[in-house]
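S.K.: Got a structure for you, questions after.
The numbers here are math on the coordinates, done by the rules we state, and not lab data. The structure displayed is predicted, hence computed values, not measured ones. Please note: Cβ atoms are built from the backbone with ideal geometry, for glycine as well, and neighbour counts cover all protein chains shown.
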Amino acid sequence: MSFKRLLRTFGSQDRGIAAVEFALILPFMMLLYIGSIELSSAVSVDKRVAVAAGALGDLVARADTNLPVATLNDYVTASGQTMAPYTNSTLRQVVTCVHVDSSGNTDVVWSKGYNGGAAHSVGATYALPTDLKSLSLDSYVIVSEAAMPYAPLFGYAFKSTFNLYHEFFYLPRYGGAITLT
């Protein structure tokens, strides 16, 4: 009988229920909180990488026939500054001028890589989207690429470093070739 009474007494007690519920839900809430911080940081850095790639391509596409290497270097520096407040020390950038002939065949006219970005070989074929090829027959396309490894802040939501990459295509504003001088 005393055991039944002990169980009944234990079942009727409600002190400490909130503490037990809190202890059960705390790990899930912390994972959710840290995961949301990690995800928002990754999205923010990815957006900055896209802005850097877009800015570089846009600046190069505005050049009129000749683009001095010193000016291109300034463009790379300026586009890298769009990464602020994040570091741009691991931002790899590549800018490429691609010629599309009247048949839709592509070849690299020139390409420059920065901060470890691998330039494309001159004369090599460049894979452009089909719609872009048909739009730019017998013309040129400026391709800007930016990549950056993203290291997770905490390592709970994302376990390892992964690469963020963006590629943008621009038609030269003045329609002709942009020569790197």
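S.K.: Answer with one residue from S44, G104, I17: the one whose Cα lies farthest towards the positive end of the charge dipole of the chain, charges on Cβ with Lys, Arg +1 and Asp, Glu -1.
M.R.: The residue sitting most towards the positive pole is I17.
S.K.: Continuing with this model, one more query. For the chain, what does the helix formula give at 222 nm: sum of -39500 (n - 2.57) over DSSP H segments with n ≥ 4, over the residue count, nearest 500 deg cm²/dmol?
M.R.: Value at 222 nm, helices only: -14000 deg cm²/dmol.
S.K.: Please report, in debye to the nearest 20, how large the charge dipole of the range 2-180 is about its Cα centre when each Lys and Arg carries +1 at its beta carbon and each Asp and Glu carries -1 there.
M.R.: The dipole of the range 2-180 has a size of about 1140 debye.
S.K.: Here is a further query. Which of the DSSP-defined H helices in the chain satisfy a minimum axial length of 24 Å, computed from C-alpha atoms, and a minimum mean Kyte-Doolittle hydropathy of -1.0? Display every interim value, and only then the final one.
M.R.: Values: long enough: 17-61 (65 Å, 1.46).
TM-like helix candidates: 17-61.
S.K.: Now, a different point. Treating cross-link reach as a plain straight distance, find the lysines whose alpha-carbon is under 22 Å from the alpha-carbon of K112, omitting any fewer than eight places away in the same chain.
M.R.: Reachable lysines: K133.
S.K.: How would M83, M148, M29 line up from fewest to most surrounding beta-carbon atoms within 10 angstrom? Working shown, then result.
M.R.: Numbers: M83 19, M148 25, M29 10.
So the residues, fewest neighbours to most, are M29, M83, M148.
S.K.: Now, a different point. Starting from a Cα-only point model with no solvent, please compute log10 I(q)/I(0) by Debye for the range 1-86 at q = 0.13, 0.15, 0.17, 0.19 1/Å.
M.R.: Once normalised to I(0) and log-transformed, intensities are -0.67, -0.75, -0.83, -0.90.
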